[in-house]
1. For the residue pair A:VAL48 and A:ALA83, what label-to-label distance in nm results when each label sits 7 Å from Cα along the Cα-to-beta-carbon direction?
2. On average, how many beta carbons from a partner chain sit within 10 Å of the beta carbon of a residue in B:17-23?
3. In peptide A:108-115, what is the residue-averaged number of other protein chain Cβ atoms found within 10 Å of each Cβ?
4. Using a Förster distance of 22 angstrom, determine the FRET efficiency expected from the C-beta separation of A:ASN104 and B:ARG79, and round it to 0.05.
5. So how do B:LEU90, B:LEU97 line up by other beta-carbon neighbours within 10 Å, fewest first?
6. Restrict the search to the range A:54-107; then list the trypsin sites (Lys or Arg not before Pro) that DSSP places in a loop and that have at most 15 other Cβ atoms within 10 Å of their Cβ.
7. Which whole number gives the average count of other chain Cβ atoms within 10 Å of the Cβ atoms across peptide A:8-18?
8. Between B:ASP91 and A:TYR97, what FRET efficiency follows from the Cβ-Cβ distance if R0 is 51 Å, with the result rounded to 0.05?
Amino acid sequence: MNLSNITDIAVSGLIAQRARMAATASNVANAHTTRTASGGVYRRRDPVFRTDSIGGPFAGELVRSIQRVQVERVAVDPRPPIARFDPGHPDADERGYVSLPRVNLVEELANMKSASRSYESNLVIMRKVREMAQAAMQIGR
Amino acid sequence: MSQILGGAIPHLETAMRFRIARQAALSANVANADTPNYRRVDLSFDGALAKAAGRIERTHARHLGAGGASDYRLERGPRGQRPDGNGVQLDREVVELTRNAGAFEKQAAVLTRLLAIRRLALSGEGR
């Protein structure tokens, strides 16, 4: 275990949190999107995290227990879209209902806050690693 | 103590190795603060220093079993109360990280002074 392992772990956290922020931004931006490339209404995205070992196959139990984070996949919301009555909308069905993404702005903003707090905590680690490296560099001066 | 001031240096080295390993464990907790069902990990110093003190045959820092990661005891936290089962409290981890990095820096400072004193003794300028 050395200082560059710690940087790797913190970088994995920064990447994961940034993916979460990007997904949130996409959800907010597409809160009213009714047409997508794959057809149909936009569905909200949510990255799924999982742990990822930093050691190789011969690493000891301790090294295998200290894990970084990885975005496993981006989950697509399986819930049905919201049907809103709006006969004038170009994507309204024959009964006058439009399918709108099931995006809750309050939920997205809370998610964004949580992601940015986690992101900042990972930055604190990077700063601490730098301070530790500087202290180590002083040895022998 | 066979060497002047030198006896403390391997102990400090052991302590600093532990601080780095623990910093990695705490960093892993922060990185996984939003991973479902993640349980926090921590390392305890448990006997690592005592082992180092009792080891007189160590001739190289990289020899097997000398100050290696296996000297530390791994502790796993409980499952969290949050709906995603994550047991990490971010603020607590950041406080521990800061404290741990501070301990490392203190040990590095002491080591720096010890080496400076030894250099002074070797040069004979103190007379």
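1. 2.9
2. If you average over the peptide's residues, the count of other-chain Cβ atoms is 4.
3. 1
4. E(calc), rounded to 0.05, equals 0.20.
5. B:LEU90, B:LEU97
6. Listed in order of number, the matching sites are A:ARG95.
7. 4
8. 0.65
No lab work stands behind these numbers, since they all come straight from the coordinates. Since the structure is predicted, the reported quantities are computational estimates derived from the model, not experimental observations. Note that each Cβ is placed from the backbone with ideal geometry, even for glycine, and that neighbours are counted across all protein chains shown.
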